[in-house]
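What follows is calculated from the coordinates using simple rules that are stated; it is not laboratory data. Everything quoted here is computed from the prediction, not taken from an experiment. Counting neighbours? That spans all protein chains shown, and the Cβs are built from the backbone with ideal geometry, glycine included.
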Amino acid sequence: MAAERNDGATVTARGDAVVAGTPDEGIWDVMVDALDASPDAALADVGRRTGELQGVLDELGVPKERRSTTGVSVREEFDHTDGKQVHRGFRASNVLTIRLTDPTVAGRLIQGAVEHAGAHVAGPRWWIAPDNPARVEACRQAATEAKRKAEAFADALGLELGAVVEIREPNPSGVAPRMRMAPVALAAASAPVEVDPGELSVDAQVEVTYRLR
């Protein structure tokens with residue numbers, strides 16, 4: 001009778017885990033902008049200084065595939081004086097997003113971008129790759145916790161765990177590569193800034209369904 005009563009019965013338990021991991025990349029946004037009387041003049045200034053910035057990146061050994069243009073804009077700019085709108089000119093800007101695997105390069109990037117290109121530097125956003133060992137360990141620990149909880153439920157009911165029926169991530173975005181934004185730095189440094197990636201928290205969640213017997 002007991003086997004018949006438990007036939008088809010299942011239990012689902014959720015496991016959560018948080019593991020510390022070292023970031024794989026630091027992502028920086030470097031903006032060059034200029035204000036001039038005409039859009040052509042503003043763009044020309046930005047283009048020249050972007051070339052200077054590319055030279056800095058070449059000297060630092062940043063591969064071309066780790067640099068990408070993520071924002072180009074030209075707009076009129078106005079001031080408001082005594083209730084009136086006063087035309088100031090045209091502001092052009094260009095934003096390069098740079099991915100660094102070596103955090104020790106970041107300080108020289110900031111210094112060079114400011115000194116040679118008059119750029120603004122913001123970042124970093126720290127990124128943990130999908131194959132980072134910390135992410136794999138977080139998934140393992142989450143699955144272990146789910147099994148432990150399921151065993152506790154089954155034991156309280158006088159039952160045992162059987163085969164796994166289903167394994168599901170309730171929130172896949174929760175275990176995706178993670179980023180953390182550090183305070184924005186509008187850099188103007190005479191010496192390289194030391195950048196320390198520290199550790200990030202990598203979280204994983206899983207729901208596991210077992211048969212009961």
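Straight-line reach only, C-alpha to C-alpha below 13 angstrom: list the aspartates and glutamates that Lys147 could link to, leaving out same-chain residues fewer than 8 apart.
Asp16, Asp155, Glu160, Glu166, Glu207
For helix 106-117, report the angle its Cα long axis makes with the longest principal axis of the Cα atoms of the chain; keep it between 0 and 90° and round to the nearest 10°.
Rounded to the nearest ten degrees, it is 20.
Simple spin-label model, 7 Å along Cα-to-Cβ: Asp102 to Ala20 in nm?
2.6
Which FRET efficiency value, to the nearest 0.05, is calculated for Glu194 and Ala152 with the Förster distance at 45 angstrom and r the Cβ-Cβ distance?
Here the calculated transfer efficiency is 0.40.
Put +1 on the Cβ of every Lys and Arg and -1 on every Asp and Glu Cβ in region 25-127; which of Ala119, Ala41, Gly83 then has its Cα farthest towards the positive end of the dipole?
Highest projection toward the positive end goes to Ala119.
What FRET efficiency comes out for Ala129 versus Ser73 if R0 is 35 angstrom and r is the Cβ-Cβ distance? Round to the nearest 0.05.
About 0.70, to the nearest 0.05.
If you build a Gaussian network model of the chain, linking Cα atoms that sit under 10 Å apart, which residue out of Ala156, Ala119, Ala13 swings the most?
Per the Cα network of the chain with a 10 Å cutoff, Ala156 tops the list.
Kindly put Ser201, Ser93 in sequence by how many other C-beta atoms sit within 10 Å of each C-beta, fewest to most.
Ser201, Ser93
Using only the Cα atoms of region 25-127, what are the Rg and Dmax in Å?
Rg, Dmax (Cα atoms, Å): 15.5, 51.
Angle check, please: helix 133-156 long axis (alpha carbons) against the longest principal axis of the chain (alpha carbons), in degrees 0 to 90, nearest 10.
30
By counting other Cβ atoms within 10 Å of each Cβ, how are Asp102, Asp203 ranked from fewest to most?
Asp102, Asp203
Given a Förster distance of 35 Å, report the FRET efficiency between Glu137 and Thr10 from their Cβ-Cβ distance, rounded to the nearest 0.05. Mind showing how you got there, number by number?
Numbers: r = 28 Å, r/R0 = 0.79.
Efficiency, from the Cβ-Cβ distance: 0.80.
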